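The values are calculated or read from the model by the stated rules, or taken from the named source; none is laboratory data. These numbers were taken from a predicted model, which means no experiment stands behind them. Virtual Cβ from ideal backbone geometry, glycine too; neighbours counted across all protein chains shown.
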Amino acid sequence: MNKVNLLLATVAVLSGCQTMGPDAGGNSRSGYYDGGRSVLYQVQKEATSAGQAMVMATVAYRGGDLDQALYQYLRAIELDPTRYEALVWVGRIHRERGNDQLAELAFADVLNSAPDNLEALTEMGLLQLSRRNQGKAAELLGKAVALDQKRLGGGAGELKVDSQSPLKVYNGLGVLADLNGDFDKAGSYYRLALQIDPRSALTLNSLGYSHYLGGRWLEAEQTYRRGVAYDSRYKPLWRNYGLLLARMERYEESLSAFQQVEGDAEASNDVGYICLIEGKLDEAEQFFRSAIEQSPSHNEAAWQNLNRLQQIRRIRQLGMSQPISEAVVTAPTPVTEAIAQQ
């Protein structure tokens, strides 16, 4: 493709025209691009092969330039319509941006052409899991496990894994088991995932939360501590660890955990919220007021929670019961990353 035609093609993609990346059936994939026009001026060297486009996309993604990465992954598909890895990455980027509809279309596009594509099965299964579509998630993740076991020569007996096994599949099946209250089964999947990568923050977070759900709080604490020791930048670990510590009434430690991933005012509000839903109104008020003092004009959540707390106090004084579930929380909702986003 000469430079003039390339420029026209680039403009067409950025304008949403149907000119980039036809699949094997002649259908365009330009609709998967939702980036800005500024990427047009950032493309200084155009890929001439799918492999080169993949490398350029990877560099852009690692540098945080998602528009450029998305463009280059679509360029890879244009150059090689069977380069399904690129289209899976298109879906991942859309999930990262919160555009699950386009992500689902990209994963489905791959599975329509390659039903046994392990990466697409994994990502589509996790997407369905995040939507609480448990039946579909189990079907997709189960198929991915079957493919992995076939690769390993496994039979119908005990599952086995190696370093090439898809960690997120086994972690996702653990989350599914947790959602169904089968904590022993969940633990077996998490142990398999940890055989794949013993230092996986994702899996240690999921296992810790599974222990928490099962009432094994000491094991949960040990698991969270192990996780943050391996990866102190993994935010869901700190949030779930903060939640656990607050439930254990270790409020200052909980506050410190939340402060690892958010500001002081937000952390105080979050600890206060947990105290509130536990019915510990005096402790909750202390943390809400601390949040307001630290950010009086920007912490609307703490003001709303404090007002809610005062309403509950008045209702209690009248001898009435009142649910506390309407409190306003900024972030301490338990996060199992396999559900939220992988």
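Against the numbered list (1) within 17 Å of the chain's Cα centre (by Cα); (2) among the basic types (Lys, Arg); (3) assigned to a loop (DSSP other than H, G, I, E, B), Lys160 comes up short only at (1).
Out of curiosity, is Leu74 surrounded by 15 or more Cβ atoms within 10 Å (Cβ to Cβ) and of a type outside the set (S, T, N, Q)? Judged against the criteria, Leu74 is a match. Just one residue in the set Glu46, Glu78 is among the charged types (D, E, K, R), in contact with a Lys or Arg (Cβ under 9 Å, 6 or more places away or on another chain) and assigned to a loop (DSSP other than H, G, I, E, B); that residue is Glu46.
Residues are listed down the side, and each one gets a yes or a no for (1) of a type in the set (Val, Ile, Thr); (2) more than 20 Å from the chain's Cα centre (by Cα); (3) under 19 Å from Leu126 (Cβ atoms):
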{"site": "Lys185", "(1), (2), (3)": "no, yes, yes"}
{"site": "Tyr190", "(1), (2), (3)": "no, no, yes"}
{"site": "Ala201", "(1), (2), (3)": "no, no, yes"}
{"site": "Gly214", "(1), (2), (3)": "no, yes, no"}
{"site": "Glu219", "(1), (2), (3)": "no, yes, no"}
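Being modelled with pLDDT of 95 or more, within 26 Å of Leu87 (Cα to Cα) and part of a loop (DSSP other than H, G, I, E, B) is a condition met by at least one residue of the stretch 133-142. Of the residues making up the stretch 62-100, those that are of a type in the set (A, V, I, L, M) and in contact (Cβ under 8 Å) with a residue 40 or more places away in the chain are Leu74, Ile77, Leu87, Val90.
One residue is enough: does the stretch 86-105 have a residue meeting the conditions over 15 Å from the mean Cα position of the chain (by Cα), farther than 30 Å from Ala177 by Cβ, of a type in the set (Gly, Ala, Ser) and part of a helix (DSSP H, G or I)? For the stretch 86-105, residues over 15 Å from the mean Cα position of the chain (by Cα), farther than 30 Å from Ala177 by Cβ, of a type in the set (Gly, Ala, Ser) and part of a helix (DSSP H, G or I): present. Could you list, in sequence order, all residues of the stretch 74-112 that are over 20 Å from Met54 (Cα atoms) and of a type in the set (S, T, N, Q)? Those that are over 20 Å from Met54 (Cα atoms) and of a type in the set (S, T, N, Q): Asn99, Gln101, Asn112.
Note on the stretch 234-297: enclosed helices (runs of 4 or more DSSP H) holding 3 or more residues that are more than 25 Å from Glu219 (Cβ to Cβ) are 264-277, 281-294. Whether a residue is assigned to a loop (DSSP other than H, G, I, E, B) and within 19 Å of Lys168 (Cα to Cα) was assessed, and Pro115 passes this test. The residue pairs whose first member lies in the stretch 120-132 and is within 20 Å of Asp178 (Cβ to Cβ), whose second member is at pLDDT below 95 and assigned to a helix (DSSP H, G or I), and whose beta carbons are closer than 7 Å, counting only pairs six or more residues apart or on different chains, are Leu126/Ala338; Leu129/Ala338; Leu129/Ile339; Ser130/Ile339; Ser130/Ala340. Quick check on the stretch 236-258. Is at least one of its residues among the aliphatic types (A, V, I, L, M), in contact (Cβ under 8 Å) with a residue 12 or more places away in the chain, farther than 30 Å from Asp148 by Cα and touching a Cys at 6+ places or on another chain (Cβ under 8 Å)? So far as the stretch 236-258 goes, yes, one or more of its residues are among the aliphatic types (A, V, I, L, M), in contact (Cβ under 8 Å) with a residue 12 or more places away in the chain, farther than 30 Å from Asp148 by Cα and touching a Cys at 6+ places or on another chain (Cβ under 8 Å).
Within the stretch 254-294, the set of residues being among the hydroxyl-bearing types (Ser, Thr, Tyr) and surrounded by fewer than 17 Cβ atoms within 10 Å (Cβ to Cβ) comprises Ser256 only.
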